[in-house]
Protein chains: 2
Amino acid sequence: MEDIKYAPIGVFDSGVGGLTVAREIMRQIPEERIVYFGDTARVPYGSKSKETIIRFSRQIIHFLRTKEVKAVVVACNTASALALETLQPELDIPIIGVVTPGAKVAANTTKNGKIGVIATESTIESHLYTKVIRQHNPRAQVFGKACPLFCPLVEEGWLKDPVTVEVATRYLNPLLETGIDTLVMGCTHYPLLRPVLRQIMGEKVNLVNPAYETARELKELLEQNGLANDGQRPPEGTMHRFYVSDAANKFRQFANTIIPYGVDTTQLVHIEDY
Amino acid sequence: MEDIKYAPIGVFDSGVGGLTVAREIMRQIPEERIVYFGDTARVPYGSKSKETIIRFSRQIIHFLRTKEVKAVVVACNTASALALETLQPELDIPIIGVVTPGAKVAANTTKNGKIGVIATESTIESHLYTKVIRQHNPRAQVFGKACPLFCPLVEEGWLKDPVTVEVATRYLNPLLETGIDTLVMGCTHYPLLRPVLRQIMGEKVNLVNPAYETARELKELLEQNGLANDGQRPPEGTMHRFYVSDAANKFRQFANTIIPYGVDTTQLVHIEDY
């Protein structure tokens, strides 16, 4: 039997956004293999109910386990906010999401205690960012704002478009008025809008990308559990594997713009069978 | 056994948009009962692949048949464009979509033979509107334009917002320049943007809403097949039934703004089990 240290890490998202998290894992722990799943048949998750997100996430984790992953990263803020707490006790391998790492860094780095969170409707309504930020900084004030048009704008490719600036201004103005010094980009698509967010929020507001902290926490978690790959590398070209529930070709095109790894081997999975 | 004439009509869509078609059926054939299904767990369909849309539509039709419907209306342009042709031969009851009725009226009413079609990415890429328009008007020139931000803007409720006007101007300018005299609103969400579309296209361009023609064709189809309800009415409050795959509460709120019927009885269905 293969040593579990050499097993891959399962990473999933509702679609392509989680690739920004996969990219960060590849950068910080380059010796670890990734099995990525993007639920492109049922994307987006951001406006859907907790019950449905739990059902979808459970199917995906079941699929990832068939690939013998040693740990799971929920690289989707909505699934982290709505499903992680329910699914964690069902698993005997480590699982982490992106909300807690992002919330912790915001709680610990704010100077004036005023933190903004932008995310999908379902993530904001879950209040999980607020809860975790308060656990680490009880006096913090948290201002959440759902930004449902950001993902469609990113997917349309209008990353620096005047329309995007106008939409972002509309969404962010109420946050600007609160005087926040920290803004959590609580959806994996949002870091792609960083230049627009920076332009509107100004130079003094710290923009937090949970992907960075998630990869750092993952590294610690693997080490603590004796699961870190100690250096064995698989043959070239078999390092990472990619699966989607719809339109593998389209995924490949987008993925190749985000991560420095050939994703030619992306395979289609009927995820509702898991 | 109940007479099949008194059976309901199955109507489905990826979400709430198909309610604009249901509304038109209620208006034109008020004696017919409707069983509506909105696939709110997997919405939107507009950027997904043919294979996936066929699989989803097949599950939904299977579900509708458990409700003993006498006919099926595909009240979603994307599913009509991608799945109808494949699914029709599998069924022994009549099924119609919204694309053919909309294409026919555009083909038959254009004066200068120049027709624009706005729709989702997948509908435009299917070229079905172009094909059906040409069948009825071989000299017609058809100009298609995908408008992926329209549905998110409608769902955000920005129906007459300056941002929506700017986005619509961007999408419609290339169509304006072609000199079209007819524009098909090829997605069930788009009639909700009619005032903005009218403002940009001007008074002389005819805006075609396929919902109207679909209800008219459905009426004919029922009569031709001896399936029309000849007047028997069910008890008050049991006329129509509504099912969704996610978030029944949210659906109810939106539905009540579109159709003149109490949808308090909306039920949740795990559609992937069908």
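Summary table below
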quantity: Ellipticity estimate at 222 nm from DSSP helix runs (n ≥ 4, -39,500 (n - 2.57)) divided over chain B, nearest 500; calculated: -13000 deg cm²/dmol
quantity: Estimated distance in nm for a label pair at B:Thr238 and A:Thr238, the labels positioned 7 Å out from Cα along Cα-to-Cβ; calculated: 6.3 nm
quantity: Gyration tensor (alpha-carbon) shape descriptor, the range A:135-274, a/c threshold 1.5; calculated: oblate
quantity: Chain B: most fluctuating residue of B:Ile200, B:Ile180, B:Ile61 per GNM, C-alpha cutoff 10 Å; calculated: B:Ile200
quantity: Reachable lysines from B:Lys111, criterion Cα separation under 17 angstrom, eight or more residues apart if same chain; calculated: B:Lys204
quantity: Contact order normalised by residue count of chain A, Cα under 8 Å, 6+ apart, percent; calculated: 26 percent
quantity: Dipole magnitude of the protein assembly as shown about its Cα centre (Cβ charges: Lys, Arg +1; Asp, Glu -1), debye to nearest 20; calculated: 1060 debye
quantity: Cross-link reach list, lysines versus B:Lys67, counting only Cα pairs under 25 Å and skipping chain neighbours closer than eight places; calculated: B:Lys5, B:Lys219, B:Lys250
quantity: Using a Förster distance of 60 Å, the FRET efficiency for A:Gln88-B:Lys5 (Cβ separation, nearest 0.05); calculated: 0.65
quantity: Trypsin sites (Lys or Arg not before Pro) restricted to the range A:51-127 and DSSP loop, no more than 11 other C-beta within 10 Å; calculated: A:Lys111
quantity: For the range A:137-274, size of Cβ-based charge dipole, Lys and Arg +1, Asp and Glu -1, in debye; calculated: 360 debye
quantity: Longest to shortest principal axis, alpha-carbon extents of the protein assembly as shown, angstrom; calculated: 73, 51, 48
quantity: Leading residue at positive end of dipole, the range A:163-274 (Cβ point charges), from A:Tyr212, A:Pro195, A:His270; calculated: A:Pro195
quantity: Choice from A:Gln224, A:Gln59, A:Gln88 showing the highest fluctuation, given a GNM over chain A with Cα pairs closer than 10 Å; calculated: A:Gln224
quantity: Selection from A:Cys147, A:His136, A:Tyr261, by position along the positive dipole direction of the range A:128-274 (Cβ); calculated: A:His136
quantity: Shape box of the range B:20-98 [Cα atoms, principal axes, largest first, Å]; calculated: 36, 26, 20
quantity: FRET efficiency estimate (nearest 0.05) - Cβ-Cβ, A:Arg194 to B:Asn256, R0 45 angstrom; calculated: 0.70
quantity: Calculated diffusion of chain A, Stokes-Einstein form, Kirkwood radius summed over Cα pairs, 10 °C and 1.306 mPa s, µm²/s; calculated: 84 µm²/s
quantity: For chain A, the longest site-free run once GluC sites (Glu not before Pro) in DSSP loop states with at most 11 other Cβ atoms within 10 Å are removed; calculated: A:3-202
quantity: Bins of 10 Å, starting at 0 and running to the largest distance - Cα pair percent for the range A:170-209; calculated: 30, 64, 7
quantity: Rounded, prolate or oblate (a/c below 1.5 giving rounded, otherwise prolate when a/b exceeds b/c) for the range A:82-142 by Cα gyration tensor; calculated: prolate
quantity: Angstrom value of the Kirkwood radius, inverse mean 1/r, which spans all Cα pairs in the range B:81-203; calculated: 15.1 Å
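Bear in mind these aren't lab numbers, they're just calculated from the coordinates by the rules spelled out. Predicted, not measured: the structure shown is a model, and the values here were computed from it. Because the Cβ atoms are built from the backbone with ideal geometry, glycine has one as well, and the counts that use them run over all protein chains shown.
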